[in-house]
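*Asks:* Before I ask anything, here is the structure I am working with.
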Ligand code: IPM
Ligand code: MG
């Protein structure tokens, strides 16, 4: 047993040093890039796995129609990024192969189809790797159901918590295993600031800080405290503490849920509760997701690669709405709000009647043509 303990302790030592170094990098981060003032915006398009290439192809067609003038003048470039497939990732033994990452880094923003995440083993999810490598710390997920008064936006911390060392736990075979959860001061401050800035700029009056600080005393306890420190700089915006279990219940309590506005929460709780919230809106196929950092931003469907749809031959019927809602968030991020509004209006106006992805895109393109 001793040798396992020694190697686990050595590993823990390395992990602590690495996380301290990451903390230092966050403290000395370069100033944020202004995504609203780029003379040329390069949008990298990543297909992904499963239904990814199908919904990505159709989303690209829709964007080409919507942005035809910008593409013609060269102010927006749609750039396909090859090689982020499960086959290539497994062959190279890298979650995001180096050459693919180099191409990704030449872009300003990314539109990404779902990628398959191998269960178990040691290969990290491509999402997690990209979020870390590009330091995309704010996972922003809006959910709205206007006729039920639901207008929510989730600010999920996206680079630490349960995820940052999720593939690097320790094990004493046949006995026990341990994973690690990490909360840092600069990592929490920046997501809290993103949430409160959003609240301030959008007239929101309350932010729900959602943790399990009664149990995860160190990590969630500090997360909540740091969020309150940031909240103190935003008079007029109420910061409320909630535990994740009761919040999960409140989201389906029709008497109270419409009073929530902005949610601020650590990574794993954010992952779980945003699927629940998306389901209330009509399903994970309807919700877009933004991963925002200071230098890059990546926009993706909230759902996975749906391998079952491919296996059962229904891939062509995949619904590209979630990726297109993500595309609309992308357009707002690069100050193309007018184009985002056209896309959103077209998505609201064109029902998805169990169409093929292509048939749905055709009807969207026609609707966009009428609205441009
Ligand atoms: C999400 C997804 C990812 C996550 C998976 C694909 C790694 O569920 O974006 O919510 O857990 O963050
Ligand atoms: Mg998820």
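*Asks:* Select from the range 254-272 the residues that are within 14 Å of ligand 2 (Cβ to nearest atom) and surrounded by fewer than 21 Cβ atoms within 10 Å (Cβ to Cβ) and list them in ascending order.
*Replies:* Once the filter is applied, which keeps residues that are within 14 Å of ligand 2 (Cβ to nearest atom) and surrounded by fewer than 21 Cβ atoms within 10 Å (Cβ to Cβ), the range 254-272 yields 268, 271, 272.
*Asks:* Within the range 301-318, track down each residue that is away from ligand 1 (no atom under 14 Å from the Cβ), surrounded by fewer than 24 Cβ atoms within 10 Å (Cβ to Cβ) and in contact (Cβ under 8 Å) with a residue 40 or more places away in the chain. Explain how you work it out, then say what you get.
*Replies:* We begin by selecting, within the range 301-318, every residue away from ligand 1 (no atom under 14 Å from the Cβ); these are 308-318.
In the following step, the residues that additionally are surrounded by fewer than 24 Cβ atoms within 10 Å (Cβ to Cβ) were identified as 308-317.
Within the range 301-318, 309, 310, 315, 316, 317 qualify.
*Asks:* If you go through the range 137-163 one residue at a time, how many are away from ligand 1 (no atom under 11 Å from the Cβ), touching a residue at least 12 places away in the same chain (Cβ under 8 Å), surrounded by fewer than 24 Cβ atoms within 10 Å (Cβ to Cβ) and outside any strand (DSSP E or B)?
*Replies:* Here the count works out to 2.
*Asks:* Further question: I need a count of the residues in the range 273-293 that are crowded, with 18+ Cβ neighbours inside 10 Å and more than 16 Å from ligand 2 (Cβ to nearest atom).
*Replies:* 2
*Asks:* Also: Just one of (1) touching a helix residue (DSSP H, G or I) at 6+ places or on another chain (Cβ under 7 Å); (2) surrounded by 18 or more Cβ atoms within 10 Å (Cβ to Cβ); (3) not in a strand (DSSP E or B) trips up residue 168, so point out which.
*Replies:* Failing condition for residue 168: (2).
*Asks:* Tell me which of these residue 125 doesn't satisfy, since it passes every other one: (1) crowded, with 17+ Cβ neighbours inside 10 Å; (2) free of Cβ contacts under 8 Å to residues at least 40 places away in the same chain; (3) more than 10 Å from ligand 1 (Cβ to nearest atom).
*Replies:* (3)
*Asks:* Looking at (1) under 30 Å from residue 59 (Cα atoms); (2) modelled with pLDDT of 95 or more; (3) in contact with a strand residue (DSSP E or B) (Cβ under 9 Å, 6 or more places away or on another chain), find the lone condition where residue 227 falls short.
*Replies:* Unmet condition: (1).
*Asks:* Grab the strands (runs of 3 or more DSSP E) fully contained in the range 1-114, keeping just those with 3 or more residues being touching a strand residue (DSSP E or B) at 6+ places or on another chain (Cβ under 7 Å) and touching a residue at least 40 places away in the same chain (Cβ under 8 Å).
*Replies:* Correct list: 41-46, 109-112.
*Asks:* Restricting to the range 281-300, give me the number of residues that are modelled with pLDDT under 95, away from ligand 1 (no atom under 11 Å from the Cβ) and touching a strand residue (DSSP E or B) at 6+ places or on another chain (Cβ under 6 Å).
*Replies:* Residues meeting the conditions: 1.
*Asks:* Every residue in the range 103-122 that is surrounded by 22 or more Cβ atoms within 10 Å (Cβ to Cβ) and within 16 Å of ligand 2 (Cβ to nearest atom), please.
*Replies:* Hits for the range 103-122 are 112, 113, 114, 115.
*Asks:* So residue 100 ticks every box in (1) buried (at least 19 other Cβ atoms within 10 Å of the Cβ); (2) within 19 Å of the chain's Cα centre (by Cα); (3) under 26 Å from residue 32 (Cβ atoms) but one. Which box is left unticked?
*Replies:* (2)
*Asks:* Pairs needed: first member in the range 257-271, in contact (Cβ under 8 Å) with a residue 12 or more places away in the chain and closer than 18 Å to residue 185 by Cα; second member anywhere, in a helix (DSSP H, G or I) and near ligand 1 (Cβ under 8 Å from one of its atoms); C-beta distance under 8 Å; at least 6 residues apart or different chains.
*Replies:* From residues that are in contact (Cβ under 8 Å) with a residue 12 or more places away in the chain and closer than 18 Å to residue 185 by Cα, there are no pairs.
*Asks:* So, one more: Report, by residue number, each residue of the range 134-164 that is more than 14 Å from ligand 2 (Cβ to nearest atom), under 14 Å from the mean Cα position of the chain (by Cα) and at negative phi.
*Replies:* Hits for the range 134-164 are 134, 136, 137, 138, 142, 153, 155, 159, 160.
*Asks:* Still on this structure: Does the range 205-218 hold any residues that are touching a residue at least 40 places away in the same chain (Cβ under 8 Å) and either closer than 13 Å to residue 240 by Cα or loosely packed, with under 14 Cβ neighbours inside 10 Å (or both), and which are they? Steps first, please.
*Replies:* Going through the range 205-218, the residues touching a residue at least 40 places away in the same chain (Cβ under 8 Å) turn out to be 205-212.
Listed by number, the residues that qualify are 205, 206, 207, 208, 209, 210, 211.
*Asks:* Something else: Considering each residue of the range 241-271, count those that are within 14 Å of ligand 1 (Cβ to nearest atom) and either touching a helix residue (DSSP H, G or I) at 6+ places or on another chain (Cβ under 6 Å) or assigned to a helix (DSSP H, G or I) (or both), and give that number.
*Replies:* 6
The values are calculated or read from the model by the stated rules, or taken from the named source; none is laboratory data. From a predicted model like this one, the values you see are computed outputs, not experimental measurements. We place every Cβ from the backbone using ideal geometry, glycine too, and count neighbours over all the protein chains shown.
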